[in-house]
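The values are calculated or read from the model by the stated rules, or taken from the named source; none is laboratory data. All figures in this text were calculated on a predicted structure; none of them were measured in a lab. Don't worry about glycine lacking a Cβ; one is built from the backbone with ideal geometry, like all the others, and counts go over all protein chains shown. Areas reflect the complete protein model, heavy atoms only, side chains present, ligands, DNA and RNA absent. Shrake-Rupley method; radii C 1.70, N 1.55, O 1.52, S 1.80 Å.
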Amino acid sequence: MSPIPESLPAAPVREPDFEDDFSSGLSVEKWVASYLPQWTTPERARARYAIVPGGIELRIDVDQPDWRVEDAPLRVSNLQTGVFSGPVGSPVGTHRHRVDLDVRTETPRRLLFTPSRGRVEITVSASRDTNCMVAAWLVGTEHRSPAESGEICIFEIDAVAVGKTTVVRTGVKAHHDPDLTTDMIDVTVPVDACSPHTWTVIWGDGETIIGCEGRALRRVAQAPDYPLFLMIDLFEIGPPGGDYPKTATIHRVRAWR
């Protein structure tokens, strides 16, 4: 790992290639409001959300089903910038993060925003609700090859890790990409992630830089070099408990190829 710069490079001066503050609602031209729907059923994959002042609130509702019966207890509301699925019964589809995944719902391919390099900025307020985690990933679409499956983990933030400072998991995951090596670490960031903060990833030319509020957290000497979907998720990991709905708010997303 090379030395980490103090400040992130400035964003491009041109208009973003992808931008959303959700002030006009949830755009089906930009987002699939479903978590990896090919591996489960539509109702289990469907995101629960509400448009609120300042963004979109992802929710875990008290009556929300587990994403898959086999993974229970695990509930999730997710937005992603596309979907890819093989035929029912096949192991073909985006983000094969478990060995037992087979397609249950064949889903038409949608490549809404699939950069292979660039810069993404996400402004989000994380959750402190019981057993929750908020996360943002760039994952290989796999629509050209199952080897194009690597992931940039911009952040994974457990509710119990949020306070005056926040512990965040971040880095690169290889999954089925033989050219990548999984490199994930925990970083303590001097912010309360429950208030709005902007997280940034810049990747390309074999390097990934991940930062928060304009300051670099990591520089990793590898990067996926193929189309990636952006996924932003709120998970409840563990048995139901605490107050509902459980929430996290996405305020704005900007990206440049």
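Quick rundown of the values:
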item	result
Qualifying residue in region 176-187 (condition: open to solvent by less than 10 Å² (accessible area, probe 1.4 Å) and modelled with pLDDT of 95 or more)	no
Test result for residue 84, in contact with a strand residue (DSSP E or B) (Cβ under 7 Å, 6 or more places away or on another chain) and open to solvent by less than 20 Å² (accessible area, probe 1.4 Å)	no
Region 117-167: number of residues that are within 27 Å of residue 10 (Cβ to Cβ), open to solvent by 10 Å² or more (accessible area, probe 1.4 Å) and not small (Gly, Ala, Ser)	7
Evaluation of residue 169 against (1) more than 28 Å from residue 44 (Cβ to Cβ); (2) part of a strand (DSSP E or B); (3) among the charged types (D, E, K, R) (one fails), failing number	(1)
Complete set of residues in region 198-257 that are over 27 Å from residue 27 (Cβ atoms), open to solvent by 10 Å² or more (accessible area, probe 1.4 Å) and assigned to a strand (DSSP E or B)	207, 209, 215, 216, 217, 219, 237
Lone unmet requirement of (1) on the phi > 0 side of the Ramachandran plot; (2) out of contact with any strand residue (DSSP E or B) (no Cβ under 6 Å at 6 or more places or on another chain); (3) open to solvent by less than 10 Å² (accessible area, probe 1.4 Å) for residue 94	(1)
Hits in region 34-70 - residues which are open to solvent by less than 20 Å² (accessible area, probe 1.4 Å) and closer than 20 Å to residue 104 by Cβ	34, 35, 36, 37, 38, 39, 40, 45, 47, 64, 67, 68
Cβ pairs under 6 Å, 6+ apart, first in region 199-211 and farther than 12 Å from residue 152 by Cα, second open to solvent by 10 Å² or more (accessible area, probe 1.4 Å) and among the small types (Gly, Ala, Ser)	206/223
Residues of region 99-118 classified as touching a residue at least 40 places away in the same chain (Cβ under 8 Å) and not in a strand (DSSP E or B), total	13
Residue within region 220-242 that is closer than 19 Å to residue 163 by Cα and over 17 Å from the mean Cα position of the chain (by Cα) present	yes
Residue check for residue 25: out of contact with any helix residue (DSSP H, G or I) (no Cβ under 8 Å at 6 or more places or on another chain) and surrounded by 20 or more Cβ atoms within 10 Å (Cβ to Cβ)	no
Residue within region 66-77 that is over 20 Å from the mean Cα position of the chain (by Cα) and within 30 Å of residue 217 (Cα to Cα) present	no
Among the candidates 174, 193, 216, residue that is without any contact (Cβ under 8 Å) to a residue 60 or more places away in the chain and among the small types (Gly, Ala, Ser)	174
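Residues are listed down the side, and each one gets a yes or a no for (1) modelled with pLDDT of 95 or more; (2) not in a loop (DSSP other than H, G, I, E, B); (3) not charged (D, E, K, R):
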| site | (1), (2), (3) |
| --- | --- |
| 5 | no, no, yes |
| 14 | yes, no, no |
| 22 | yes, no, yes |
| 27 | yes, no, yes |
| 50 | yes, yes, yes |
| 59 | yes, yes, no |
| 62 | yes, no, yes |
